[in-house]
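Laboratory data are not the source of any read-out in this text; all were calculated from the coordinates shown. Since the model is a prediction, treat every value here as computed from it, not as a measurement. In this analysis, Cβ positions are derived from the backbone assuming ideal geometry, glycine residues included, and neighbour counts consider all displayed protein chains.
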Amino acid sequence: MNKITTLKKLGASITAGEILLSTFAVPAFADTNLLESGNGTGTIQNVNVNSNNNTTSVQSNNAVVTNTVTSNSTTGDNDSSANTGGNVAINTGSTSSTTQIQNNLNSNQAQVAGCASCGTTGSLNAAITGNGANSTDNTNVNNNSNVSAFQNNNAIVNNHVDTNSTTGNNTANANTGGAGGGSVAINTGWAVANTAVGTQANANVAVVGGAANGNVAGGTNLLESGNGTGSHNNVNLSSNQSAQVAQDNSAYVTNYVTSNLKTGLNDASANTGVGSVAINTGAAVANTALGTSVNENVAAVGCDCVAEGALNAKIGGNGAFAADNLNVNNTGDTSVFQGGQGAGNQAFVLNAATNNGFTGTNASNANTSGLLFDPETINTGASYSTTTVQTAGNSNIFTTASFPDVNFGFNMNQLWTGLFGM
């Protein structure tokens, strides 16, 4: 008897829970040109440019999975007793039970392409030139960006597999042979149980930034020149960028696997006037594989507010008693919480595998032969048990240098092929 039980929870690579792939692309700007020029005596001019960008990504998954599988396969439990004359034989077939459980759940992916509000992708040109005496000229450029990514996963997975395979427990008792003596034989098949349970859960990937990084790729040119006596001229450039990434996972995984295999527990006793008495049992084979991979965080943050082109600032040729100021402030703050601050990984994994193989406990007692020296034999098969447990959990990766491709988890097909040739 071949029995195959397959449970695939959310198969493929990651297709469970809430999968959110968010790509935020901040618009790219052409050149920005700001000019205050040719204004009269005593005039007041103000040019203000404010760019504010706030991006918030919140991703959360909760999964509760319970798998309960019970497999009962029997070709044994046969009785051929109290027969008169002739041969008595019990021949059982083999049993094979295969159970596969795969759980893939809880993945978050967030990608914020570029931090463009740090500046522009073109050039920034600001000039205050040729304004009259006692004029007041102000040019203010403020670029502010805030990116926040919050990723949270909670998984509770319970896997219970019970496999019972029996080819033994056969009885051939109290048989009476004929004139030729006859024979009594019990031959049992193999009992095989293959169980594979795989769980991968809780992956967070956050990528903030990219090739452009939102910098001022074309350069920055600031000029105050040729303004009149007693003028007040101010150019202020401020770029403020912050990125916060918080990732946390909680996983509770229990795997209980029990395999009971019986080819033994056979009885051929109290037979009268028979020739040979033989009990031959098949092997008992139990293969169990438990694989668990949980809680992986990857954060790649590549934002800064530095002009990629040249920064040119000049104050020159202004009149007497002119007050001229050029101010450039670039600030950046990056916070990544993969542990502490209420974020991190918590994993509880319990694996319990019990394999019981019985090929013995056979009885051939109180048999009376009809002929001299007829043999009584008991030949038992082997009992094999193989258990493989793989557990990986709680991995944090943070980088500012590159933006990796992340492949979370292990290969279930490879795991099964290696153990069972499936």
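Side notes on the structure shown:
- Backbone N under 18 Å from the Asn312 label point (7 Å along Cα→Cβ), restricted to segment 28-57: 31-36
- Exposure proxy ranking, count of Cβ atoms within 10 Å, fewest first, for Thr32, Thr354: Thr354, Thr32
- Rounded to the nearest whole Hz, the Karplus-based 3J(HN,Hα) values (6.51 cos²θ - 1.76 cosθ + 1.60, θ = phi - 60°) of segment 324-334 follow the sequence 10, 9, 10, 10, 10, 10, 10, 10, x, 9, 10, with x at glycine and proline.
- Per-residue Cβ neighbour counts within 10 Å put Asp77, Asp267 in the sequence Asp77, Asp267, beginning with the fewest.
- Cβ-derived FRET efficiency at R0 30 Å, Val58 paired with Leu35, nearest 0.05: 0.10
- Amide hydrogen proximity for Ser148: with H placed 1.01 Å from N in the peptide plane, the residues at 5 or more positions away or on another chain lying under 5 Å are Thr55, Thr56, Ser57, Gln244.
- Backbone amide hydrogens, once placed in the peptide plane, bring Glu376 within less than 5 Å of Val277, excluding anything fewer than 5 places away on its chain.
- Other residues within the sphere of radius under 13 Å centred on the Cβ of Val88, judged by their own Cβ, net out at -2 (K and R +1, D and E -1).
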